[in-house]
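Novice: Sharing a structure below in structure tokens format, with a few things to ask.
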Amino acid sequence: MVTDEATDERPGKPAGAPARSRIVIVGPTHPYKGGVAQHTTELAHRLMARGHDVRLESWSAQYPARLYPGRQRVDVPETRPFPATSYPLSWRRPDTWVRLGHRLRTGANAVDAVDAVDAVDAVIIVVVTPIQVPAYLGILAGLRPAAPWPGGIPAGAGQTGDGRTVRGGRGLPAVGRWGEEPVALALCHNVLPHERRALDVPLVRAVLRRVSGVLVHTPAEAERARGLTARPVWVAPMAPHLGTAGAPQPTASSPAVSQSGISQPGTAESDTAQSDTTELRTAELGTAEAEAKRRGDGVPARGLLFFGLVRPYKGLDVLLRALAAGPPDVRLTVAGEFWGGVDDTRRLVDELGLAGRVELRPGYVPAAEVPALFAAADALVLPYRSATATQNVDLAHRHGLPVVATSVGMLGQAVRDGVDGLLAAPDDPGSLAAALRRLYEPGVLDTLRAGVVPPDADAAWERYLTVLHNALGRR
């Protein structure tokens with residue numbers, strides 16, 4: 001059972017020292033890029049800050065390159081690397097899956113030398129894609145699925161961070177330990193992919209039925225998970241994991257990965273000092289970019305931003321049609337990797353007569369370039385056809401930008417219509433065009449900018465970790 005309240009009486013520990021749970025997170029981290037890797041890394045840092053022994057077990061080879069058309073890895077970290085990280089997993093090596101689970105259960109891969117004979121208390125498996133389900137099942141086979149609690153559901157089980165009760169389990173126990181077996185929690189950013197294949201549902205069902213419990217980020221995803229498993233399902237709204245935009249190149253004092261695949265802590269200065277320096281430098285970059293985007297008469301050009309991985313469910317085609325029907329002097333920058341279809345997008349731009357108003361910047365956007373992109377835009381547009389949770393609203397608000405979004409998933413709650421952004425109907429170019437026209441009505445943009453509140457990451461993470469601790473069996 002995970003706890004941070006009891007005392008630790010193990011040999012070699014000071015008498016009365018606070019108990020620390022041994023938690024292993026299995027998921028992507030640097031050098032892999034993207035929001036899931038950033039969230040996984042930030043979660044490890046936050047759990048460690050609470051006093052737990054935390055280790056990140058990641059991938060040396062995540063999945064075949066042919067299954068992912070974009071760039072998988074980056075050279076410069078998008079967020080602070082986590083020092084206790086190793087990379088034992090490979091999609092090519094099924095033996096690495098079972099071996100990792102066995103080592104975590106038996107303690108052969110303990111978090112620190114003092115705990116060398118102890119198994120871990122909890123394993124958090126970050127479920128990224130159904131493609132990786134065979135690996136998750138291999139890890140769980142090595143762990144052996146946690147058995148039910150003999151006395152029913154522990155007090156407090158199934159509650160969200162705001163105290164609402166979450167029904168889960170259909171009478172099965174909440175997450176907990178049985179004997180010496182670790183808790184196994186599935187952390188699902190998306191229970192099922194937005195664009196699904198025939199085997200996705202049975203694959204995800206197989207893994208969700210073999211874990212102790214499931215953690216998701218929205219009530220809609222919780223209902224989707226409950227349709228696939230009888231295990232308890234917990235809801236924790238996603239906390240910001242925005243990384244450090246414009247992070248400097250790693251130096252000799254930065255955390256580095258050793259030949260054994262384990263990150264070794266360096267002698268870097270405090271994270272606060274590094275963050276302050278980074279924020280100053282990126283603010284300067286953003287100001288310079290904004291000045292460069294001004295028209296010849298000194299009046300700022302009207303510009304919108306579509307940012308991130310371009311996939312069909314994100315509705316870029318809807319935005320292009322809305323732009324053609326909206327204010328005639330507004331430009332759009334599309335910055336991000338295309339999940340295929342970039343030639344189709346270029347053709348649509350030409351068909352709509354937008355060649356002079358749309359800038360396509362296909363490809364990965366380094367963190368150092370993100371502040372300048374946002375500084376040069378009036379608003380971020382999220383024309384999604386479907387959505388669960390996204391960090392892009394927090395990212396925009398961090399840079400002082402309002403958001404124009406469709407009312408799908410959590411976007412309708414994250415964007416306050418008329419306060420810090422505007423909402424439109426999904427998959428409806430006419431509705432989105434009307435929102436764009438409204439954005440540029442006199443005074444509206446200034447009002448929305450004034451309403452933007454930067455995200456309070458620390459408070460959000462406290463709420464997130466409270467739910468996570470409950471899911472791991474803390475009482």
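The values are calculated or read from the model by the stated rules, or taken from the named source; none is laboratory data. Given the structure is predicted, the values throughout are model-derived calculations rather than measurements. When we count neighbours, we look across all protein chains shown, and the Cβ atoms used for this are built from the backbone with ideal geometry, even at glycine.
Novice: Filtering the range 354-376 down to residues that are under 21 Å from the mean Cα position of the chain (by Cα) and assigned to a loop (DSSP other than H, G, I, E, B), which residue is nearest to R321 (Cα to Cα)?
Specialist: G363
Novice: Next up: Does the range 339-353 include one or more residues that are assigned to a strand (DSSP E or B) and not hydroxyl-bearing (S, T, Y)?
Specialist: no
This table checks each residue for (1) at pLDDT 85 or above; (2) assigned to a helix (DSSP H, G or I); (3) of a type outside the set (D, E); (4) under 21 Å from W59 (Cα atoms).
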site	(1), (2), (3), (4)
R92	yes, no, yes, yes
W97	yes, yes, yes, yes
V117	no, no, yes, no
I124	yes, no, yes, yes
Y136	yes, yes, yes, yes
I139	yes, yes, yes, yes
P145	no, no, yes, no
W149	no, no, yes, no
G152	no, no, yes, no
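This table checks each residue for (1) more than 17 Å from G451 (Cα to Cα); (2) free of Cβ contacts under 8 Å to residues at least 60 places away in the same chain; (3) not acidic (D, E).
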{"site": "R361", "(1), (2), (3)": "yes, yes, yes"}
{"site": "Y364", "(1), (2), (3)": "yes, no, yes"}
{"site": "A367", "(1), (2), (3)": "yes, no, yes"}
{"site": "P371", "(1), (2), (3)": "yes, no, yes"}
{"site": "L380", "(1), (2), (3)": "no, no, yes"}
{"site": "A389", "(1), (2), (3)": "yes, no, yes"}
{"site": "D394", "(1), (2), (3)": "no, no, no"}
{"site": "V404", "(1), (2), (3)": "no, no, yes"}
{"site": "Q413", "(1), (2), (3)": "no, yes, yes"}
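Novice: So, in the range 398-423, of the ones that are among the aliphatic types (A, V, I, L, M) and in contact with a strand residue (DSSP E or B) (Cβ under 6 Å, 6 or more places away or on another chain), which residue ends up farthest from L445 (Cα to Cα)?
Specialist: Here the residue is L411.
Novice: Still on this structure: Looking at the range 308-334, which of its residues are assigned to a strand (DSSP E or B) and at pLDDT 95 or above?
Specialist: Scanning the range 308-334 gives R331, L332, T333, V334.
Novice: When you check A220 against the structure, is it modelled with pLDDT of 75 or more, under 17 Å from L411 (Cβ atoms), surrounded by fewer than 24 Cβ atoms within 10 Å (Cβ to Cβ) and of a type in the set (A, V, I, L, M), yes or no?
Specialist: yes
Novice: Scan the helices (runs of 4 or more DSSP H) fully inside the range 377-457 and keep the ones with 3 or more residues being of a type outside the set (A, V, I, L, M).
Specialist: By residue number, 392-398, 429-439, 444-451.
Novice: Are any residues in the range 16-38 in contact with a strand residue (DSSP E or B) (Cβ under 8 Å, 6 or more places away or on another chain) and either closer than 18 Å to A186 by Cβ or among the small types (G, A, S) (or both), and if so, which ones?
Specialist: G16, A17, A19, S21, I23, V24, I25, V26, G27, P28, T29, V36
Residue by residue, here is whether (1) among the basic types (K, R); (2) at pLDDT 95 or above; (3) in contact with a helix residue (DSSP H, G or I) (Cβ under 6 Å, 6 or more places away or on another chain) holds:
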position	(1), (2), (3)
L380	no, yes, yes
N392	no, no, no
G412	no, no, no
P455	no, no, yes
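Novice: Just checking, how many residues over the range 45-86 are at pLDDT below 90, among the hydroxyl-bearing types (S, T, Y) and outside any loop (DSSP other than H, G, I, E, B)?
Specialist: Total meeting the criteria: 1.
Novice: If L228 passes every condition in (1) over 18 Å from the mean Cα position of the chain (by Cα); (2) surrounded by fewer than 19 Cβ atoms within 10 Å (Cβ to Cβ); (3) at pLDDT 50 or above but one, which one does it miss?
Specialist: Unmet condition: (2).
Novice: Output the residue which, of all residues in the range 341-359 that are in contact with a strand residue (DSSP E or B) (Cβ under 9 Å, 6 or more places away or on another chain) and under 23 Å from E195 (Cα atoms), is surrounded by the most Cβ atoms within 10 Å (Cβ to Cβ).
Specialist: T345
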